[in-house]
Amino acid sequence: MKTDSGAPISPVSMRGFLRADGRKGIRNVIAVAYLVECAHHVAREIAWPFRDQDVHLIGFPGCYPNGYAQRMMEALCTHPNVGAVLLLSLGCESFDKYGLAHVIRQSGRPVETVVIQASGGTRASIAEGQAWVRAQLPVLAAQEPVPMGVEELIVGTVCGGSDGTSGITGNPAAGRAFDQLVGEGAACIFEETGELIGCEHIMASRAVTPELGVILEESVAKAARYYATLGYGSFAAGNADGGLSTIEEKSMGAYAKSGSSPIAGLIKPGDRPPRGGLYLLDVVPDGEVRFGFPNINDTAEIAELIACGSHAVLFVTGRGSVVGSAISPVVKICANPETYRRMADDMDVDAGRILAGEATLDEVGREIRDLVVSLGHGRRTKSEELGHREFVLTYKSFEPIGPACLPAA
Amino acid sequence: MMEAERRQDHEHDERVILLGPDDNVVVVRRRIDAGSLVRIGGRDVSQPKDIPLGHKLASRSIRRGEKIIKYGAPIGSATADIGPGEHVHVHNMKSDYTATHTLDEARARHGDVP
């Protein structure tokens with residue numbers, strides 16, 4: 001088998017954990033999820049002793065109900081990389097723990113809810129939760145993985161701590177990896193419409209239908225309005241230290257992550273790509289500006305990519321981000337060769353070789369694609385090995401996507 | 001990028017890269033030390049300060065108000081006249097969308113982190 005560029009595709013030997021809905025996970029995680037900040041400490045104490053056994057902490061801090069947060073938690077707790085879920089409730093918060101537990105149970109996963117006020121407080125709840133996790137571990141360990149193809153993968157991409165090298169090495173290399181993965185039938189998701197400002201017309205011309213093109217342009221216009229109201233672009237001070245002068249410049253670099261495949265659809269957090277292809281994730285809330293910045297940091301974006309089913313997330317950094325994530329592995333692609341030399345322990349891919357002429361975009365793109373596939377047969381990313389399990393979920397509001405967002409194949 | 005690099009004529013220093021044929025900036029791909037000469041548009045230009053990786057230099061004269069072109073696309077406007085080889089950044093260009101937030105003032109006021 002050959003790719004379009006004639007390069008041989010390495011034999012597929014991924015193995016996945018089969019879920020009741022037919023999806024497969026490349027990890028078998030126990031998610032410990034707090035449903036309000038008041039339950040966070042108890043949840044963390046439960047998960048901490050098992051941190052090297054893929055027991056991950058996620059949660060929602062708010063006490064007010066929010067449809068987006070509910071949907072995100074449902075999508076995350078039934079993510080193919082998750083095998084069992086322990087919910088931690090204080091008892092009096094507004095989060096719909098009954099609905100969430102129901103969705104998890106319907107998905108065929110073991111689920112348990114510990115209510116701290118009913119269980120006798122902190123100490124008793126930690127003991128109860130740890131006993132449940134301890135009982136689940138051998139059950140998950142006994143689950144036999146099954147063969148999994150590249151076409152079953154969903155891969156997301158994000159960039160953070162960008163600098164003037166991101167747009168010429170790491171991002172276009174991630175784009176080449178996306179082109180290859182899409183060519184093999186996988187679904188790939190790029191995002192952060194606030195970092196596509198200035199690229200909307202070029203992007204729209206890649207949509208599979210004219211109607212979708214209009215929707216893509218509208219999503220960027222919405223982001224520009226939202227950020228203008230807030231008074232800041234999606235741009236950090238360190239981006240400027242790294243040579244980026246404006247949001248448009250950062251956007252042109254970020255856009256390169258999408259590669260060159262046709263854009264098959266627009267999805268919102270918690271939506272799953274219906275089939276292989278390239279998708280834009282619209283992360284900016286709908287309606288008037290509420291609840292503050294669309295994504296308060298990179299981790300909030302990664303959580304949304306994972307809620308869309310991403311088995312792994314490609315993270316391109318120039319300045320040197322160190323984050324990983326709960327639930328799905330994060331592949332760290334370092335765009336800047338000086339940063340790589342300083343922080344090699346945190347980086348999976350040295351894309352800065354491209355600047356020195358030591359590797360081509362295609363070579364680094366293939367390396368990224370092969371690395372993603374290797375995660376499906378046991379390989380761990382640097383951030384996984386270092387214990388990075390960052391997670392952030394805040395308030396947002398979205399309208400559901402319309403039929404024109406996902407044109408029929 | 002490599003394609004763009006091949007297109008690049010020998011008018012520019014090997015420490016910089018022209019990403020698109022219509023660009024009026026080049027990107028520094030190897031750190032340039034203060035005082036060193038950098039060949040831009042066939043002329044040697046002295047750099048008054050260090051230019052780190054990923055930063056931009058004007059590849060020709062740019063007039064105040066003119067668009068800055070990188071990757072063949074506008075990435076903002078010049079806020080001053082810029083000479084060939086000059087550092088192009090937040091001090092002489094601005095976004096046409098939202099203002100750029102930096103910590104330059106805070107750093108000047110309180111000093112850099114040791």
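The values are calculated or read from the model by the stated rules, or taken from the named source; none is laboratory data. Note that the structure is a prediction, hence the values are computed from the model and not measured. Quick reminder, even Gly has a Cβ in these numbers, built from the backbone with ideal geometry, and neighbours come from all protein chains shown. For the accessible areas, the whole protein counts, side chains as well, though only heavy atoms, and no ligand, DNA or RNA atoms are used. Shrake-Rupley method; radii C 1.70, N 1.55, O 1.52, S 1.80 Å.
Only a single criterion out of (1) closer than 29 Å to A:Gly213 by Cβ; (2) open to solvent by less than 10 Å² (accessible area, probe 1.4 Å) is not satisfied by A:Gly243, namely (1). Only one entry in A:Thr360, A:Thr339 is open to solvent by 30 Å² or more (accessible area, probe 1.4 Å), more than 30 Å from A:His40 (Cβ to Cβ) and of a type outside the set (A, V, I, L, M, F, W, C), namely A:Thr360. Among the residues of the range A:248-261, is there at least one that is modelled with pLDDT of 95 or more, under 13 Å from the mean Cα position of the chain (by Cα) and small (Gly, Ala, Ser)? No, that holds for no residue. Restricting attention to the range B:94-114, the residues that are within 7 Å of chain A (Cβ to nearest Cβ) and out of contact with any strand residue (DSSP E or B) (no Cβ under 9 Å at 6 or more places or on another chain) add up to 4.
Scanning the range B:27-47 turns up no residue that is open to solvent by less than 10 Å² (accessible area, probe 1.4 Å), in a strand (DSSP E or B), within 14 Å of chain A (Cβ to nearest Cβ) and touching a helix residue (DSSP H, G or I) at 6+ places or on another chain (Cβ under 7 Å).
Starting from residues that are among the hydrophobic types (A, V, I, L, M, F, W, C) and within 13 Å of the chain's Cα centre (by Cα), keep the ones in the range A:281-299 and report whichever is nearest to A:Gly213 (Cα to Cα). Ranking the qualifying residues of the range A:281-299, first place goes to A:Leu281. Would it be correct to say that A:Pro400 is within 14 Å of chain B (Cβ to nearest Cβ) and out of contact with any Pro (no Cβ under 6 Å at 6 or more places or on another chain)? Criteria not met by A:Pro400. With respect to (1) open to solvent by less than 10 Å² (accessible area, probe 1.4 Å); (2) without any contact (Cβ under 8 Å) to a residue 24 or more places away in the chain; (3) away from every other protein chain (no Cβ under 13 Å), the lone exception for A:Glu288 is condition (1). In a residue-by-residue description of the range A:88-96, the property of being open to solvent by 10 Å² or more (accessible area, probe 1.4 Å) and not in a loop (DSSP other than H, G, I, E, B) applies to no position. The helices (runs of 4 or more DSSP H) found wholly in the range A:175-278 and carrying at least 1 residues that are more than 10 Å from chain B (Cβ to nearest Cβ) occupy A:200-204, A:210-230, A:247-255. Scan the range A:112-157 for residues that are outside any helix (DSSP H, G or I) and either touching an Asp or Glu at 6+ places or on another chain (Cβ under 9 Å) or open to solvent by less than 30 Å² (accessible area, probe 1.4 Å) (or both) and the total you get is 11. Do the conditions hold for A:Met148, that is, is it under 30 Å from B:Thr98 (Cα atoms) and away from chain B (no Cβ under 11 Å)? Against the criterion (under 30 Å from B:Thr98 (Cα atoms) and away from chain B (no Cβ under 11 Å)), A:Met148 does not qualify. Out of the residues in the range B:76-93 that are surrounded by fewer than 16 Cβ atoms within 10 Å (Cβ to Cβ) and either free of Cβ contacts under 8 Å to residues at least 24 places away in the same chain or touching a helix residue (DSSP H, G or I) at 6+ places or on another chain (Cβ under 7 Å) (or both), which is farthest from the other protein chains (Cβ to nearest Cβ)? Once the filter is applied, the top-ranked residue is B:Asp81.
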